[in-house]
Amino acid sequence: MKNIYLFLAVLGGIIPYILFFQFVHAEGLNLSAFIESLFVNGAAAGFSADLLIASFVFWLFMFVESKEINAPKPYLFIVLNLTIGLSCALPAYLYAKASKKND
């Protein structure tokens with residue numbers, strides 16, 4: 001499973017950035033247009049709200065898990081979540097957790 005997590009983390013880093021670059025190419029570095037696009041209609045708003053809630057739950061989960069022995073510290077994965085997305089941060093965390101378990 002460890003290698004699958006690593007593959008999914010890489011994939012989860014590449015695919016969102018391809019889409020982000022398409023947006024930046026079309027709109028420039030316009031943060032207000034980006035945020036407006038996240039909630040442009042009900043479908044987009046639903047996905048955006050779901051992702052924000054899932055990210056928050058992931059952060060809480062990591063902080064609770066970080067109290068266990070050999071659990072990864074959450075800070076790197078929060079940065080990944082904020083800069084790339086949950087699709088990279090979650091499998092990266094699972095990869096790190098599986099790697100520590102095998103140590």
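Every number in this text was worked out from the coordinates using simple rules, so none of it is lab data. Predicted model, so just to flag it, every value in this text is computed and none were measured. With ideal geometry, Cβ positions are generated from the backbone for all residues, glycine too; neighbour counts draw on all protein chains shown.
Expressed as a fraction of 2.2 N^0.38 Å, the rule-of-thumb size for a compact globular protein of N residues, what is the C-alpha radius of gyration of region 2-102?
So region 2-102 has a normalised radius of gyration of 1.20.
Along the axis of the charge dipole computed for region 2-102 (Cβ charges of +1 for Lys and Arg, -1 for Asp and Glu, origin at the Cα centre), the listed residues F47, N81, S37 are led at the positive end by N81.
For F56 and E36, the FRET efficiency from 1/(1 + (r/R0)^6), where r spans their Cβ atoms and R0 equals 25 Å, is about 0.70.
Under 18 Å Cα to Cα from K67, which lysines show up? Leave out anything in the same chain fewer than 8 places away. Result set, ordered by chain and number: K97, K100, K101.
Distance between the modelled labels on F21 and E65, one decimal in nanometres: 2.9 nm (7 Å Cα→Cβ projection). Peptide packing: for 49-58, 74-83, 89-98, the average count of neighbouring Cβ atoms within 10 Å per residue gives the ranking 89-98, 74-83, 49-58, highest mean first.
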